[in-house]
Amino acid sequence: MVKQRRKNDYWGLYRQLEKTIREIEESTQTGRALSIFLESLVNQYHESLGIQGGRIYRREAGYYELETMVGRCQDGAERAGPGYRIPSSYPMIRDLRERRLLISDRSNPHFDPAIEGPLKVETFAAIVVGADDDWIISFTLAPDANRETVLYSLSTVRHVINSQLRLIGAEMDIAQVRAIQSNLFPRKVPRLEGYDIFGRSKPMEAVGGDVFSFIPLAHTTLGILVADSSGHGLPAALQARDVVTGMRMGLADEFKLVRTVEKLNRVFHETSLSSKFVSLFYGEAERNGNFLYCNAGHVPTLHLHDDTFTVLRKGGPVLGPSPDVRYARGYVLMQRDDFLVFYTDGITEAHDGQEEEFGRERLMQVVRENRNVGAREMVEIIFAAVERFAPDDPLRDDRTVVIVKRLTDPDVT
């Protein structure tokens, strides 16, 4: 039996990929952007994904031509080099273009040793990208690669690359997007009997990928949403807008919490308007103290009861890359003086002069030490603590905090 690689860590993979995306966004040339992506995946994710090498092919008339190679293959250096051509009629190419993503090995009946032999590849994964299937990116995999993790990750990769290809050279109207995004944030503090609630967001640029919103569902229930779109600036802001709009529409149709998140995930996967991918934490606070939630790949909200924090993780991976993900629902009971701390990673990943992160433990300590204050003051205390910790650190990421404090005992009748 082939030994499986480490347990899936969707949030960890998401954070790794986002760092790579930041490098890509600086490129204005398609070929260079793809090369950066390939080099990063091969060099950084060898252990987590089992990627040993990679190749980029460009579509020409009747064939795909090898342009770039990175890393190694499974049994030595590749013999085929740039200029090597694979016919577009090759059944494996046809399967890939139909499925968009393919993982295979020599056991596949379409595997042709005459074509694959010069590459000396036994197990591989490939994605097709570009509006007209202009590029193929193929990865040499270790025999023990976890195929489920590879499928999820490369689905994410393909989603991001296609989005970036559409963005290269494109210009957007920043003033219009800023106006759209400003309408997403609450204009006033929401009211829900038994709770004190407040939120604040500080973008890295003129507009950002962080967003929070409050969605009144009934006089006894309030929806609370915090989302973080990968990247920054205009594309991220548009993605954040789509999250809030999609959640509001789904909940207006009286969909249940998990069903709404699953439908939004499918829409994000299918729509060409989705710029990259997005993490989401959505919860519903009820007047009686119940709090139901779903965490879609987001940094987990913290629940403070007495002096103990619970990390709210239940849910599933980030929205967008995989259309058929099933999400789980979590639950906590809010008691008097309990806190819920929603935030984005711009808070915990702020760096001091020695490149040490503010981190979740410091965030929890700040909340624990100031638990006697109200929601608005707690938000301001957290922002101030982060800025004191990293006074000279340029804002590397959007920062968002939402605080929910329970004021009364739960109604258990």
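No value in this document is a laboratory result; all are computed from the given coordinates. Fair warning: this is a prediction, and the values are worked out from it, not measured in the lab. For neighbour counting, all protein chains shown are included, and Cβ atoms are generated from backbone atoms with ideal geometry for every residue, glycine included.
How big is the equivalent ellipsoid of region 176-406 along its three axes, where each semi-axis is √(5λ) from the Cα gyration tensor, reported in whole Å from largest to smallest?
One finds semi-axes of 25, 23, 16 Å for region 176-406.
Got a sec to turn the phi values of region 102-109 into Karplus ³J(HN,Hα) couplings, 6.51 cos²θ - 1.76 cosθ + 1.60 with θ = phi - 60°, whole Hz, x for Gly and Pro?
Each residue's phi maps through the Karplus curve to give 9, 10, 7, 8, 5, 6, 5, x Hz.
Fewest Cβ neighbours within 10 Å first, please rank 110, 159 accordingly.
110, 159
What does the charge count around residue 302 come to, taking other residues whose C-beta lies under 15 Å from its C-beta (Lys +1, Arg +1, Asp -1, Glu -1)?
Summing Lys/Arg as +1 and Asp/Glu as -1 gives +1.
Less than 15 Å Cβ to Cβ from residue 375, Lys/Arg counted +1 and Asp/Glu -1: what total charge do the surrounding residues give?
+2
Amide H of residue 315 versus every other amide H placed in the peptide plane: which residues, excluding those fewer than 5 positions away on the same chain, fall under 5 Å?
So residue 315 has HN proximity to 295, 328.
What is the count of Lys pairs in region 176-406 whose alpha carbons sit under 18 Å apart, if the two are 8 or more places apart or on different chains?
Step by step, the pairs that qualify in region 176-406 add up to 5.
Note down the net charge around residue 258, summing +1 for each Lys or Arg and -1 for each Asp or Glu among other residues with Cβ under 9 Å from its Cβ.
+3
Would you please give the FRET efficiency between residue 65 and residue 147, computed as 1/(1 + (r/R0)^6) with r the Cβ-Cβ distance and R0 = 22 Å, to the nearest 0.05?
With R0 = 22 Å, the Cβ-Cβ based efficiency is 0.20.
Around residue 63, which amide H atoms from residues at least 5 apart in sequence, or from another chain, sit under 5 Å from its own amide H, with H modelled in the peptide plane?
The answer is 88.
Over region 176-406, what is the relative contact order in percent, taking alpha-carbon pairs closer than 8 angstrom and at least six residues apart?
Relative contact order, region 176-406: 23 percent.
Over region 331-413, calculate the relative contact order: mean separation of alpha carbon pairs under 8 Å at least 6 apart, over the residue count, as a percent.
About 52 percent, as a whole number.
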